[in-house]
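Just below is one structure, and these are the notes that go with it.
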Amino acid sequence: MTTPSMHATTILSVRKGGKVCVGGDGQVSLGQTVVKGDAQKVRRLAGGRVVAGFAGATADAFTLLERLEGKLEQYPDHLTRACVEMAKDWRTDRYLRRLEAMMIVADKSVTLVLSGAGDVIEPERGICAIGSGGDFARAAALALREETKLDAEEIVKRAMGIAATICVYTNDALVLETITADA
């Protein structure tokens with residue numbers, strides 16, 4: 001008998017008009033069952049100056065968030081450097097490289113996608129997404145950004161709503177965190 005696998009989630013980040021908004025849905029699925037509908041997969045770090053959203057195994061994501069918090073203490077106000085250093089550890093450390101998760105992190109000036117393969121990627125056009133519904137949310141956000149005058153937060157809400165209607169592992173119980181460039 002195989003154990004049902006946890007499915008990912010949807011995390012979306014949109015940067016527009018001096019704001020960055022990171023949103024995540026609340027669904028946690030085990031096999032074909034929704035076991036929790038209001039999980040918080042988006043958190044503030046570094047005294048609220050950084051927002052991080054994660055997709056993947058929850059325990060792994062919490063471990064990575066703790067590591068990132070440590071790197072942010074080591075390199076305050078240098079999000080890119082902290083993320084590069086964490087990605088190096090994630091890729092080379094025997095324990096960490098087994099962790100299965102991805103993260104989006106953002107501060108007032110940069111948004112990055114981090115993976116266990118050592119990736120630290122800054123997205124084009126200020127939009128990125130991860131998780132099982134990530135492609136749906138990203139496509140919707142790209143269209144909304146180009147075709148409307150909506151702000152970053154409203155784009156995230158609407159794009160995540162669209163993803164929730166398509167991806168069975170994404171719901172509409174959203175957690176949004178926004179940072180303003182002058183914060």
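It is to be established whether one or more residues within segment 159-170 are closer than 22 Å to Val35 by Cα, at pLDDT 95 or above and hydroxyl-bearing (Ser, Thr, Tyr). Yes: segment 159-170 contains one or more residues that are closer than 22 Å to Val35 by Cα, at pLDDT 95 or above and hydroxyl-bearing (Ser, Thr, Tyr). Scanning segment 32-49 for residues that are among the basic types (Lys, Arg) and farther than 18 Å from Val105 by Cα returns a single hit, Lys36. Pairing residues of segment 90-101 that are assigned to a helix (DSSP H, G or I) and basic (Lys, Arg) with residues that are surrounded by 10 or more Cβ atoms within 10 Å (Cβ to Cβ) and at pLDDT 75 or above, at Cβ distances under 8 Å and at least 6 apart in sequence or on separate chains, gives Arg91/Gly116; Arg91/Ala117; Arg91/Gly118; Arg97/Trp90; Arg97/Arg91; Arg97/Gly116. Considering segment 92-140, and only residues there that are more than 24 Å from Ser29 (Cβ to Cβ), of a type in the set (D, E, K, R) and out of contact with any strand residue (DSSP E or B) (no Cβ under 7 Å at 6 or more places or on another chain), the residue that is modelled with the lowest pLDDT turns out to be Arg97.
Residue by residue through segment 105-132, note down the ones that are among the small types (Gly, Ala, Ser) and surrounded by 23 or more Cβ atoms within 10 Å (Cβ to Cβ).
We begin by selecting, within segment 105-132, every residue among the small types (Gly, Ala, Ser); these are 106, 109, 115-118, 126, 129, 131-132.
Within segment 105-132, Ala106, Ala129, Gly131 meet the criteria.
Looking only at segment 141-151, residues that are modelled with pLDDT of 95 or more, over 15 Å from the mean Cα position of the chain (by Cα) and not charged (D, E, K, R) come to 4 in all.
Is it the case that some residue within segment 43-59 is at pLDDT below 90 and in a helix (DSSP H, G or I)? The answer is yes, given that some residue of segment 43-59 is at pLDDT below 90 and in a helix (DSSP H, G or I).
In segment 27-42, which residues are in a loop (DSSP other than H, G, I, E, B) and surrounded by 19 or more Cβ atoms within 10 Å (Cβ to Cβ)?
Once the filter is applied, which keeps residues that are in a loop (DSSP other than H, G, I, E, B) and surrounded by 19 or more Cβ atoms within 10 Å (Cβ to Cβ), segment 27-42 yields Gln27, Lys41.
How many residues does segment 160-176 contain that are part of a helix (DSSP H, G or I) and within 14 Å of the chain's Cα centre (by Cα)? Residues in segment 160-176 being part of a helix (DSSP H, G or I) and within 14 Å of the chain's Cα centre (by Cα): 1 in total.
The values are calculated or read from the model by the stated rules, or taken from the named source; none is laboratory data. Fair warning: this is a prediction, and the values are worked out from it, not measured in the lab. Note that each Cβ is placed from the backbone with ideal geometry, even for glycine, and that neighbours are counted across all protein chains shown.
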